[in-house]
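The values are calculated or read from the model by the stated rules, or taken from the named source; none is laboratory data. Source: prediction; values computed, not measured. Using ideal geometry, Cβ is built from the backbone for each residue, glycine included, and neighbour counts are taken over all protein chains shown.
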């Protein structure tokens, strides 16, 4: 197999790993550095986390990953400005793939 063929296969595999599903923001929300910060922002028994970005209703973000925790569903997103962080998936028009 030639080096060119190997390079093309590698590039295709990497592109598939970094592909994001686009989703609209349904309500203005903050973006946080960790999923835990996104999940527990506003909790009365925890210090308020510092957001790293803000999203307005109607903006489009790339959803890179989603995860479930105790009482929350968080999505790792890429903002229109290219920043990566976490929001609650309930702030997005997002449906996880089965």
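Determine, yes or no, whether residue 43 is on the phi < 0 side of the Ramachandran plot, at pLDDT below 95 and either in contact with a strand residue (DSSP E or B) (Cβ under 9 Å, 6 or more places away or on another chain) or not in a strand (DSSP E or B) (or both). When the stated conditions are applied, residue 43 passes them. Only a single criterion out of (1) more than 11 Å from the chain's Cα centre (by Cα); (2) more than 16 Å from residue 34 (Cα to Cα); (3) in a strand (DSSP E or B) is not satisfied by residue 58, namely (3).
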